[in-house]
Amino acid sequence: MRLNQYLAKAGITSRRKADLLIGEGRVKVNGEKVESLGFIVDQRKDSVEVDGKKVKIGQDLVYILLNKPKGYLCTVFDPFGRPTVLDLIPHLKERVFPVGRLDLDSQGALLLTNNGDLTYKLTHPKFQIEKVYQVKVKGIVSQEDVKKLKGGIVLEEGVKANAYATILNSGNDTTELEVTLKEGRKREIRRIFLVLGYKVLELVRKRFDILTLDGLGVGKWRHLSTSEVGSLGKSGKK
């Protein structure tokens, strides 16, 4: 199998991020550094290492829902020593990684797992997995701007980002909205509102695919049920 698929099945990271690890020269096969993204490994015979540590397929798959608070990074390690979401899940035997992004100042539903194949399906734009957010912005958002969000907002890199928004309430120079995305670019919601002239004050992800925050306090986490795991990714495009 391809090396990035091996790393995903071993629970190291998603296939897309595995390509980054390979490109950075952090992966070795049989003691030799690999930089070819299409490298093929034989899981029965080859020895694979990431950052000097052997990895292999066969560990138990873990699925965790976390209600991420503000002030935590969605990463497994920060070179500057800032808090990460893994600090909120102590004593976990298996290695897991966050699925998708919630920036430092955002909070809400975050899935962590070591299932790289599922991570690919939940995060790749082609599968159109829904994420629902409650967003508070400075200013009174007009219905015209809500229509612009649906039609697509061109970001600075030239791509068009679409969002479906409903105004929940407004007043005192702020507006609260429910915003639904089917893609997940970096800081996408903050950037699309900024293009329209609004600054995001608060951002909470209320739903990720089928997963909601019902009964889960800020900073708390739980393991997913078998039925939840089986339903993940089924709502998106085939």
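State all residues of the stretch 132-159 that are free of Cβ contacts under 8 Å to residues at least 40 places away in the same chain and either assigned to a loop (DSSP other than H, G, I, E, B) or in contact with a helix residue (DSSP H, G or I) (Cβ under 9 Å, 6 or more places away or on another chain) (or both); if no residue qualifies, say none. Quick ask: steps written out before the conclusion?
Just the residues of the stretch 132-159 that are free of Cβ contacts under 8 Å to residues at least 40 places away in the same chain, to begin with: 140, 142-144, 146-147, 150-152, 156-159.
Result: ILE140, SER142, GLY152, GLU156, GLU157, GLY158, VAL159.
Quick check on my filter: what residues within the stretch 96-112 are at pLDDT 95 or above and not in a loop (DSSP other than H, G, I, E, B)?
Listed by number, the residues that qualify are GLN107, GLY108, ALA109, LEU110, LEU111, LEU112.
Do the conditions hold for VAL146, that is, is it surrounded by 14 or more Cβ atoms within 10 Å (Cβ to Cβ), at pLDDT 95 or above, of a type outside the set (Asp, Glu) and more than 21 Å from LEU104 (Cβ to Cβ)?
Taking the combined requirement at face value, the residue satisfies it.
Can you confirm whether the stretch 31-53 contains a residue that is touching a residue at least 40 places away in the same chain (Cβ under 8 Å) and part of a helix (DSSP H, G or I)?
For the stretch 31-53, residues touching a residue at least 40 places away in the same chain (Cβ under 8 Å) and part of a helix (DSSP H, G or I): absent.
I'd like the residue in the stretch 187-207 that is part of a loop (DSSP other than H, G, I, E, B) and modelled with pLDDT of 95 or more and, out of all such residues, is surrounded by the most Cβ atoms within 10 Å (Cβ to Cβ).
Among those residues, the one meeting the criterion is TYR198.
Please go through the stretch 6-27 and pick out each residue that is surrounded by 11 or more Cβ atoms within 10 Å (Cβ to Cβ), free of Cβ contacts under 8 Å to residues at least 24 places away in the same chain and over 18 Å from the mean Cα position of the chain (by Cα).
Within the stretch 6-27, ILE22, GLY23 qualify.
Listed residues VAL48, VAL76; which is surrounded by 18 or more Cβ atoms within 10 Å (Cβ to Cβ) and not acidic (Asp, Glu)? Give the steps one after another, and end with the answer.
Numbers: VAL76 fails: surrounded by 18 or more Cβ atoms within 10 Å (Cβ to Cβ).
Within the list VAL48, VAL76, the selection yields VAL48.
The values are calculated or read from the model by the stated rules, or taken from the named source; none is laboratory data. Here the structure is a predicted model, which means the values were calculated and not measured. Cβ sites come from the backbone with ideal geometry, for glycine too, and all protein chains shown count toward neighbours.
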